[in-house]
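Chemist: Provided herewith is a single structure, encoded as structure tokens, for subsequent inquiry.
Every read-out reported here was derived from the displayed coordinates using simple, explicitly stated rules and does not represent laboratory data. On a predicted model such as this, the values are computed, not experimentally measured, just so you know. With ideal geometry, Cβ positions are generated from the backbone for all residues, glycine too; neighbour counts draw on all protein chains shown.
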Amino acid sequence: MAKKTMSKLFIPRGDGFDIDFLDYQYDDRFQKVRELMHNRRFTVGETDVAYRVINHWDQSGVLPEGVKGDGGWRKFTLPEMVWLKAAVRMRDFGLSLDTIASAKDGAMVWNKKLGLYPNFEYYVAKAWFSGADPYVLVTSEGEAEVATMAEIEAAKLFLDSFDVLLISLKAILKGMGVSTSEVKTLFALSDKEVELLRSIRMGNNNEIKAKIDDQGEITEIESTETTTSPLAPHKIKNQAEKEKMYGKVVTQYENGVPKSVQVTKRERFKK
């Protein structure tokens, strides 16, 4: 049996996504949004795609499941129309219909019981009403996912570098004349946040504490390192003077012999 490999488009989603997704699906606050998403209001003529092309795409598996009924074409919902616009962009980039059909299966997971695409619908709603910037990600092999830019950045921790096509759902909505929330950009870490990460990743610390003010700014970082290879007192003193250290040093003795040294350093930041 061949060894199963991780998809190129593995998108790690944490508890925040689970809570947000369930809120969208079931919370009464989003009832009106869900009704807007499920409303079939776009005709085939409003797709700006020729009928013969629409029919060909349907035969090729590019179109969503819910757009064709026994009596012919039904009106499109907003998520279905957004997908169609995304497919047009993929064709503009030269992707084959087979590749786009494969991408649809990855990006638009059909829930037959509900007759909906819950995950894709959630990201369309997020593109419309939040500062998030969701994208359809497509590889040349037809693997596809939908994720926000923040989720894409997080995925880079797990994935090797590779080429991928990104299609902005927010840009598609704007192109349809929908007024969306402004994109909230990903900000660079502050110097204090970089220092905290450096303490976590590069130090040999056993414990790290950070104090923050009411504005969410880091005001102090306290790092504690314990070593079982104690330094001579004069070396500890020299190191403290060299680093202009604030903190304390505790030496643990057993039977009169120093066994470990615990060095706690504090770094305070000016506002």
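Chemist: Cross-link partners among aspartates and glutamates for Lys32, C-alpha distance below 20 Å, same-chain residues fewer than 8 apart left out?
Modeler: Asp20, Asp23, Glu80, Glu121
Chemist: Once the dipole of region 191-268 is set up with Lys and Arg at +1 and Asp and Glu at -1 on Cβ about the Cα centre, which of Pro258, Ser223, Ala210 lies farthest towards its positive end?
Modeler: Pro258
Chemist: If R0 is 35 Å, what FRET efficiency do you get for Val183 and Asp28 from their C-beta distance, rounded to 0.05?
Modeler: Result of the calculation: an efficiency of 0.80.
Chemist: Here is a further query. Could you give the nm distance between label points at Val109 and Ile208, where each point is 7 Å from its Cα heading toward the beta carbon?
Modeler: So the two model labels end up 3.3 nm from each other.
Chemist: Expressed in nm to one decimal, what extension gain is obtained for the pair Lys270 and Leu166 from 0.36 nm per residue of sequence separation less their Cα-Cα distance?
Modeler: Working it through step by step, the gained length comes to 33.3 nm.
Chemist: For a quick check of your reading of the filter: which trypsin sites (Lys or Arg not before Pro) in region 80-152 sit in a DSSP loop and have no more than 12 other Cβ atoms within 10 Å?
Modeler: Counting only loop positions with at most 12 other Cβ atoms within 10 Å, the trypsin sites (Lys or Arg not before Pro) in region 80-152 are Lys112, Lys113.
Chemist: Follow-up question, since we're still on this one. Which of the trypsin sites (Lys or Arg not before Pro) found in region 133-186 are in a DSSP loop and have at most 14 neighbouring Cβ atoms, other than their own, within 10 Å?
Modeler: Sites meeting the loop and neighbour criteria: Lys156, Lys184.
Chemist: Could you check the simple spin-label distance between His38 and Thr219, using points 7 Å along Cα→Cβ, in nm with one decimal?
Modeler: Modelled inter-label distance: 4.9 nm.
Chemist: Long-range amide H contacts for Thr219: which residues qualify at under 5 Å (H placed 1.01 Å from N, peptide plane, sequence gap of 5 or more or a different chain)?
Modeler: Lys211, Ile212, Asp213
Chemist: Could you list the GluC sites (Glu not before Pro) in region 84-161 that lie in coil according to DSSP, counting only those with at most 16 other Cβ atoms within 10 Å of their Cβ?
Modeler: Glu141
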